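Inspection log for the structure reproduced underneath, given as structure tokens.
The values are calculated or read from the model by the stated rules, or taken from the named source; none is laboratory data. From a predicted model like this one, the values you see are computed outputs, not experimental measurements. Positions of Cβ are generated from backbone atoms using ideal geometry, with glycine treated the same way; all protein chains shown enter the neighbour counts.
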Amino acid sequence: MNRAAAQASNLDRLSVVDTANTGKPGGVSALDLWAFLVPAVSFIELTIVGRLIISELLMLAMLPWLWNARDRLPLPRWIVVLWAGWLLGQIVTDLVVGSPFEDFARGWAAVIFTITDFAAILVLASTPRRARLLALGLATGGVLGFLFVPNAYAAVDPWKWAFALPVGLALAAGLSGTAGAKLPWLTVAAFAAFGALNLFFGFRSLGGVSLLTAGYLVLGVVSGRRQVSSEPSMLRAAAGVALLSLTVVGTLQLYDAAASGGLLGSDAQAKYAEQSGTFGVLVGGRSEVLASTQAIIDSPILGHGSWAKDFKYVDLLAERRSSLGYEVGAGYSDVGLIPAHSYLMGSWVWAGFLGGLFWLAVAGIAVWLLANLYSFRVDLAPLLVFSTMLLLWNIAFSPYGFSGRIAAAYGIALCLLGLRLLSADRRVPHPLRIPAGSPTRTSVDRRAFYPADPGAIDPARGNPT
């Protein structure tokens, strides 16, 4: 292979060199260490009015130092504006409906820690290497939590409540490098096997996310991830959304066939039958939407307040499940919490429209990343896709509890990192048209990833940490 061809091959795969923190390739910076250690201690909790994770307090205390990092991703104004609207909506709603102190204190704290967690993680995960380290830290924290402070659910089902997600994060981080780039089909097979394993053990949500990740990565392998136009393509994005939708439908059909046919075991077959109704197993498994939609219709602008309670909606959920052919089962809440098993629906029910708008915007950014990523060669793609799929699932189908704040902030930060990587790729000239004397791959990538701004420095000089 001649020199020009080798240079073309190198430039064709987007790869950001993480040397800005140390001044030399392969070095370990303080930010690298904190990217791993902060999430690794996330199993330690404190109770101050509500439950707080020690990692959140560490990130809050570290923010002034973190924000001086020269290679940090910029905090998007639209996120700040939408977050401020969410907080305002929550405060106004709680004042209007008269939420008790113990409820609104926890509700406001959840919104406030969302932005502080995100601002810190945006720095800690601002390069591919640190993004992988943070994923490994989250995985470590999950395992340590099971060892030192196991909860009741983990004692009954340790795979689902303790080990599955850490294994998934470690798998995604481990395959987001040279090995995964050189053996893309191995990455696809690994996620497909991991998804099947989760379905077998009854962890359907993570199994579905993993299978969707495998299916999406297949699209990248089949498309060849060719060098694309220097301008964003709406046609390519539309094709990506269509392919993503087909992947979702295919995964659901695969699960329906396997569960109904007993291939996943008798327990999975029984649960499938229990949750099969008019709108299928997806709604049957997350039927809270049948009540939360009505709560939003009843109060769409202001919402119902932090930790909103009303037995009317608990009863409504039971009635609608029965009328749509789903088994009713045990009561949803002994204290009357309005059913809302979703970041989006829960925030809308609690804070009103502005709470829902924040998560709608985040979901839009996640979909936009997936709509474009498949046609690029990005070594970090397995971790980006897995975390983004998980974020989208949680926005639609998981409650926004205290344990989900760090994971949500990490998912949003990786969406922005992925979009920055794609933006960098568009600024890299076509490898066959590089004029004589142009920078090497490393310097081109650095300049693309570290755009000129008032806080920027020459990446080659390093970042004091």
First in the stretch 39-63 and at positive phi and exposed (fewer than 15 other Cβ atoms within 10 Å of the Cβ), second anywhere and of a type in the set (D, E, K, R) and modelled with pLDDT of 90 or more, Cβ under 9 Å, 6 or more apart: Val49/Glu102; Val49/Arg106
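Can we say Ala295 is free of Cβ contacts under 8 Å to residues at least 24 places away in the same chain and in contact with a Phe, Trp or Tyr (Cβ under 8 Å, 6 or more places away or on another chain)? Walk me through how you get there before you give the answer.
Numbers: free of Cβ contacts under 8 Å to residues at least 24 places away in the same chain: no; in contact with a Phe, Trp or Tyr (Cβ under 8 Å, 6 or more places away or on another chain): yes.
Against the criterion (free of Cβ contacts under 8 Å to residues at least 24 places away in the same chain and in contact with a Phe, Trp or Tyr (Cβ under 8 Å, 6 or more places away or on another chain)), Ala295 does not qualify.
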Complete set of residues in the stretch 349-387 that are touching a residue at least 24 places away in the same chain (Cβ under 8 Å), under 20 Å from Arg77 (Cβ atoms), surrounded by fewer than 21 Cβ atoms within 10 Å (Cβ to Cβ) and among the small types (Gly, Ala, Ser): Ala361, Ala363
Residue within the stretch 77-98 that is surrounded by fewer than 16 Cβ atoms within 10 Å (Cβ to Cβ), in contact (Cβ under 8 Å) with a residue 60 or more places away in the chain, closer than 18 Å to Ala120 by Cα and of a type outside the set (A, V, I, L, M) present: yes
Which numbered condition Pro150 misses (of (1) without any contact (Cβ under 8 Å) to a residue 40 or more places away in the chain; (2) more than 18 Å from the chain's Cα centre (by Cα); (3) farther than 15 Å from Ala40 by Cα; (4) in a helix (DSSP H, G or I)): (4)
Exclusive hit being in a loop (DSSP other than H, G, I, E, B) and either crowded, with 16+ Cβ neighbours inside 10 Å or in contact with a helix residue (DSSP H, G or I) (Cβ under 9 Å, 6 or more places away or on another chain) (or both), set Gly202, Gly180: Gly202
Any chance Ala291 is surrounded by 14 or more Cβ atoms within 10 Å (Cβ to Cβ), within 29 Å of the chain's Cα centre (by Cα) and under 26 Å from Lys160 (Cβ atoms): yes
The lone exception for Arg130 - which of (1) part of a helix (DSSP H, G or I); (2) under 20 Å from Leu52 (Cα atoms) it fails: (2)
Tally of residues being farther than 19 Å from Gly202 by Cα and exposed (fewer than 12 other Cβ atoms within 10 Å of the Cβ) across the stretch 138-155: 3
All positions within the stretch 334-378 that are part of a loop (DSSP other than H, G, I, E, B) and in contact with a strand residue (DSSP E or B) (Cβ under 9 Å, 6 or more places away or on another chain): Val335, Gly336, Ile338, Phe376, Arg377
Enumeration of residues in the stretch 153-168 that are free of Cβ contacts under 8 Å to residues at least 40 places away in the same chain and either in contact with a helix residue (DSSP H, G or I) (Cβ under 6 Å, 6 or more places away or on another chain) or within 19 Å of Leu212 (Cα to Cα) (or both): Tyr153, Ala154, Trp161, Ala162, Pro166, Val167
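Take Leu11 and decide whether it is modelled with pLDDT under 95 and part of a helix (DSSP H, G or I).
Numbers: modelled with pLDDT under 95: yes; part of a helix (DSSP H, G or I): yes.
Yes.
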Some residue of the stretch 315-333 being buried (at least 18 other Cβ atoms within 10 Å of the Cβ), modelled with pLDDT of 80 or more, of a type in the set (D, E, K, R) and outside any helix (DSSP H, G or I): no
Which numbered condition Ile301 misses (of (1) at pLDDT 80 or above; (2) out of contact with any Ser or Thr (no Cβ under 7 Å at 6 or more places or on another chain); (3) crowded, with 21+ Cβ neighbours inside 10 Å): (3)
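What residue, of Ala119, Ala155, Ala125, Ala131, is of a type outside the set (S, T, N, Q) and within 28 Å of Ala308 (Cβ to Cβ)?
Numbers: Ala155 fails: within 28 Å of Ala308 (Cβ to Cβ); Ala125 fails: within 28 Å of Ala308 (Cβ to Cβ); Ala131 fails: within 28 Å of Ala308 (Cβ to Cβ).
Of the residues listed, the single one that is of a type outside the set (S, T, N, Q) and within 28 Å of Ala308 (Cβ to Cβ) is Ala119.
What are the residues in the stretch 258-275 that are on the phi < 0 side of the Ramachandran plot and more than 28 Å from the chain's Cα centre (by Cα), if any? Quick ask: steps written out before the conclusion?
Filtering the stretch 258-275 for residues on the phi < 0 side of the Ramachandran plot gives 258-261, 263-264, 266-275.
Within the stretch 258-275, Ser260, Gly261, Leu263, Ser266, Asp267, Gln269, Ala270, Ala273, Glu274 qualify.
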Boolean, Ser403 is among the polar types (S, T, N, Q), closer than 20 Å to Ala35 by Cα and crowded, with 21+ Cβ neighbours inside 10 Å: no
